[in-house]
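A short worksheet on the structure shown next.
The values are calculated or read from the model by the stated rules, or taken from the named source; none is laboratory data. All values reported here derive from a predicted model rather than from experimental measurement. For neighbour counting, all protein chains shown are included, and Cβ atoms are generated from backbone atoms with ideal geometry for every residue, glycine included.
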Amino acid sequence: MNDAAPAPTPAPRRRARVRAPELIGKGGWLNTGGKELTLADLRGKVVVVDFWTFCCVNCLHVLDELRDLEEKHRDTLVIVGVHSPKFVHEAEHQAVVDAVERYEVHHPVLDDPELATWKQYAVRAWPTLVVIDPEGYVVAQHAGEGHANAIRTLVEELEAEHEAKGTLRRGDGPYVAPEPVATDLRFPGKAVVLGNGNFLVSDTTRHQLVELAEDGETVVRRIGEGVFREPQGLALLPDGKVVVADTVNHALRTYDPGTGAVELVAGTGKQWWQGSPTSGPALDVDLSSPWDVAWWQGKVWIAMAGVHQLWTYDPETGTVQVAAGTTNEGLVDGPVAEAWFAQPSGLAATEDRLWIADSETSALRYVDAEGVVHTAVGTGLFDFGHRDGAADQALFQHPLGVTALPDGSVAVSDTYNHALRRFDPATGEVTTLATDLREPSDAVLVGGDIVVVESARHRLTRLRLPEEAVQVESAAYRTQREATEIAPGRLRLDVVFQAPTGQKLDERYGPSTRLLVSSTPPELLRGGEGTGTDLFRELDLDPEITEGVLHVSAMAASCDDDPANEYPACHVHQQDWGVPVKVTEAGVTRLPLILAGMDG
């Protein structure tokens with residue numbers, strides 16, 4: 001007989017009763033059949049609000065992470081996207097309409113060009129997810145990607161709790177699919193010229209490759225239906241095959257134009273996370289959103305947009321490895337092992353340089369033959385525009401492609417400026433070759449012409465390479481997010497992290513958290529920069545520097561808290577913030593950033 005008292009029943013988790021602010025945005029609603037939604041319309045449903053912007057690869061990862069959850073809980077859960085733009089182009093309503101179709105967003109989306117709802121929810125980073133219960137109260141907020149498991153657990157808890165209370169409403173959600181549009185290509189990404197003179201194009205939204213005749217219009221064949229997911233970059237290999245960046249499958253494949261065979265050559269189909277191998281047999285190593293590929297120095301170089309790095313694939317040995325970048329997001333030059341990138345999305349190789357369109361820093365960069373990274377044009381994550389002239393003054397806006405030209409210069413597909421630009425290393429000057437394109441994402445040379453992939457016009461456009469530049473009115477912008485006012489002197493930085501329900505910090509092999517802090521300009525911080533294992537930091541600000549950006553990168557690892565499970569599943573939570581700050585006497589002395597948290 002066991003005389004021990006029964007274990008007490010765990011008390012239900014208490015949640016702070018914070019009423020969710022209304023969803024407002026001047027751009028209106030998409031995917032609702034024209035209906036304006038309010039939170040009252042969603043009462044009785046679990047709501048996940050996804051603050052995203054379509055330039056952000058981490059936001060695209062979250063869209064994919066949420067698809068299974070959305071499908072499994074379709075009668076109780078409503079996901080609402082709030083599009084919160086970083087770049088000027090992303091505030092254009094038609095651009096948001098295009099992005100919702102391009103990335104197959106199958107839930108209502110609020111177009112919030114002025115960041116009204118972003119401010120109401122005190123969001124500081126893309127992406128951020130907010131969970132609202134069926135009674136309209138905020139119960140969780142998560143910054144960054146990788147939170148699908150925690151949100152799934154919370155959604156199931158909320159379903160059970162509100163089913164018992166009688167406050168859960170089952171049934172169809174407010175999503176209304178838009179009418180499909182018939183075109184031969186749909187948001188094409190990249191192109192390459194085949195040996196027979198035809199074009200091979202990655203038809204991104206239709207998840208296939210398309211071979212077009214030399215006229216750039218007539219469809220010859222479609223390749224890889226059911227194999228690719230949002231393919232992007234293409235590069236010819238010395239053996240005549242084409243290597244394909246199979247972006248959402250986190251893989252590389254080859255296509256043989258002679259036989260039609262498609263073969264997986266790198267990636268496991270799973271997304272790379274911190275702590276995963278960064279080299280080894282190509283089919284055993286995870287990749288993360290490879291966006292473009294180029295043949296250089298006897299290897300395939302990969303613009304690994306998902307982790308802000310360059311990798312290489314060696315067909316001879318069948319191996320992959322990191323070639324440049326630290327996974328920190330930003331613009332830092334120097335030896336390849338120390339450089340920072342921000343969503344490298346376009347590559348072009350010459351004999352002595354690998355050119356890079358580094359999209360989130362609106363920069364043109366290159367790796368030289370000695371393994372050093374340089375910036376030709378661009379200043380950082382928050383400055384962009386359309387300005388020609390000397391390289392140190394010129395501006396791009398989220399370029400996705402770069403093309404080597406015969407005279408040693410390069411053409412830049414300046415995507416969000418709807419323009420084709422040119423940088424000449426000999427003169428250090430940037431000029432504009434063509435305007436009135438629509439989201440150009442790549443270009444290839446054909447004789448004396450340049451053929452541009454006009455992604456948002458769903459076509460290839462042939463242009464004669466002009467001898468003279470087009471005159472355009474200069475425009476310079478900064479990201480429109482409001483700066484956080486902070487006091488001069490000491491600033492307490494707190495990254496708020498609480499392991500999701502049923503998990504605990506993984507400290508089996510040492511500290512499970514990491515915090516990296518830097519600033520632009522570097523002089524803003526007199527102390528507190530660098531890397532540490534605590535998720536808090538005392539920063540010392542120079543009162544002579546009145547504005548700048550704090551760059552914060554945080555990581556925490558948690559594992560399922562089940563003593564009976566010898567091999568618990570573990571999860572990495574990571575987020576990078578760029579926080580614009582303005583130093584004022586009336587500013588705050590504490591800056592909290594939410595990595596993952598639940599009220600209660």
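Looking across segment 283-328, just one residue is assigned to a strand (DSSP E or B), farther than 19 Å from L234 by Cβ and in contact with a helix residue (DSSP H, G or I) (Cβ under 7 Å, 6 or more places away or on another chain), and that is T319. As for segment 411-419, it holds at least one residue that is aromatic (F, W, Y), closer than 24 Å to L200 by Cα and modelled with pLDDT of 95 or more. Close contacts from segment 365-382, counting a first residue that is of a type in the set (D, E) and a second that is surrounded by fewer than 21 Cβ atoms within 10 Å (Cβ to Cβ), with Cβ to Cβ under 8 Å and a gap of 6+ residues or different chains, come to D368/D352; D368/R353; D368/H374. Filtered by the rule that a residue be surrounded by 20 or more Cβ atoms within 10 Å (Cβ to Cβ) and either among the aliphatic types (A, V, I, L, M) or part of a loop (DSSP other than H, G, I, E, B) (or both), segment 126-138 gives W126, P127, L129, V130, V131, I132, D133, P134, V138. Does G44 meet the test of being of a type outside the set (D, E, K, R), more than 21 Å from Q141 (Cβ to Cβ) and in contact with a Ser or Thr (Cβ under 7 Å, 6 or more places away or on another chain)? So G44 fits the description; yes.
The strands (runs of 3 or more DSSP E) falling completely within segment 482-600 that include 1 or more residues that are aromatic (F, W, Y) map to 489-497, 536-541, 570-583. Here W29 clears all of (1) assigned to a loop (DSSP other than H, G, I, E, B); (2) under 30 Å from H207 (Cβ atoms) except the condition numbered (1). Looking only at residues of segment 464-523 that are β-branched (V, I, T) and more than 25 Å from the chain's Cα centre (by Cα), we find that the one that is farthest from L115 (Cα to Cα) is V470.
Scanning segment 248-272 for residues that are over 19 Å from the mean Cα position of the chain (by Cα) and under 17 Å from A294 (Cβ atoms) yields R253, T254, Y255, V265, A266.
Per the listing G346, G280, the residue uniquely over 24 Å from L236 (Cβ atoms) and assigned to a strand (DSSP E or B) is G280.
Within the option set T432, T461, being of a type in the set (S, T, Y), under 30 Å from T218 (Cβ atoms) and in a strand (DSSP E or B) holds for one residue only, T461. Comparison of A177, A160 shows that the only residue that is loosely packed, with under 13 Cβ neighbours inside 10 Å, over 17 Å from V452 (Cα atoms), without any contact (Cβ under 8 Å) to a residue 60 or more places away in the chain and not basic (K, R) is A160. For segment 264-277, what are the residues that are part of a loop (DSSP other than H, G, I, E, B) and either at pLDDT 95 or above or closer than 17 Å to E65 by Cβ (or both)? Across segment 264-277, the qualifying residues are G267, T268, G269, K270, W272, W273, Q274, S276, P277.
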